[in-house]
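Engineer: Supplied in structure tokens, the structure appears directly below.
Only the coordinates and a few stated rules stand behind these numbers; no lab work does. Here the structure is a predicted model, which is why all the values come from computation and not from measurement. All Cβ positions, glycine included, derive from the backbone under ideal geometry; neighbour counts span all protein chains shown.
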Amino acid sequence: MTRTAPRLADAMKILVVEDEVKAAEFVRKALTSGVCHRGDEALAQALENSYDAIVLDIMLPGRDGLSVLRVLRERGNQTPVLLLSARSHLNERVEGLNAGADDYLPKPFALEELTARVKALCRRGCESR
């Protein structure tokens, strides 16, 4: 008898924060996760709920992703965060990682790579808890 591997979100709770609705829906379907489109909403969700990982776009309406990340880290929230951004210059990636991100993926990206990175973040997060 063959068993199908569980979908990523069957075992994990992921928050996807992406202002581009089509991109957010694309990622949500792949991760079977919750979505919000604004930075202020993302911060509220991340502070109120427990997530295994957060996929966070940098350029968001309401509050940018880096400020969301900084507030989370200042408040002691250690949920693994994967930053997404159309900005891919070295200094921008370094800024995101120095702000507390666990990983950074420039756009455009392959869905398979995003999924693999989120799984890796969740594995590391589970090991450290």
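Engineer: Once you've got the GNM for the chain with C-alpha springs shorter than 10 Å, pick whichever of Leu111, Leu84, Leu66 has the biggest mean-square fluctuation.
Structural biologist: Leu111
Engineer: While we're here: Hey, any idea what the orientation-averaged projected area of the convex hull of region 31-77's Cα atoms comes to, in nm²?
Structural biologist: In nm², the orientation-averaged hull projection of region 31-77 is 3.1.
Engineer: Would you mind computing, in nm to one decimal, how far apart the modelled labels at Arg73 and Leu47 are, each placed 7 Å from Cα along Cα→Cβ?
Structural biologist: 1.8 nm
Engineer: Taking only the alpha-carbon atoms of region 70-112, what semi-axes of the equivalent ellipsoid follow from 5 times the gyration tensor eigenvalues under a square root, in whole Å, largest first?
Structural biologist: 20, 13, 6
Engineer: If you average 1/r over every pair of different alpha-carbon atoms in the chain and take one over that average, what Kirkwood value in Å do you get? Kindly include the intermediate steps, with their values, before the conclusion.
Structural biologist: On the way: mean 1/r = 0.0685 Å⁻¹.
It is 14.6 Å.
Engineer: If you don't mind, another one. How long is the gain from Asp64 to Ala23 if the chain were fully straight, where each residue apart is worth 0.36 nm and the alpha carbon distance is subtracted? Before the final figure, lay out each step's value.
Structural biologist: Details: separation 41, 0.36 × 41 = 14.76 nm, distance 1.70 nm.
Residue separation times 0.36 nm, minus the Cα-Cα distance, leaves 13.1 nm.
Engineer: Now, a different point. Contact order normalised by length for the chain, with contacts defined as Cα pairs under 8 Å and 6 or more residues apart; what percent is it?
Structural biologist: Details: 201 pairs, mean separation 27.5, N = 129.
It rounds to 21 percent for the chain.
Engineer: Moving on. Let me know the whole percent of all Cα-Cα pairs from region 56-129 that are separated by more than 16 Å.
Structural biologist: I get 49 percent for the Cα pairs in region 56-129 exceeding 16 Å.
Engineer: Under the definition of Cα pairs under 8 Å and six or more residues apart, what whole-number percent is the relative contact order of region 55-101?
Structural biologist: For region 55-101, the relative contact order is 46 percent.
Engineer: For the chain, modelled as a Gaussian network with Cα springs under 10 Å, which listed residue fluctuates most, Ala42, Ala24, Ala116?
Structural biologist: Ala116
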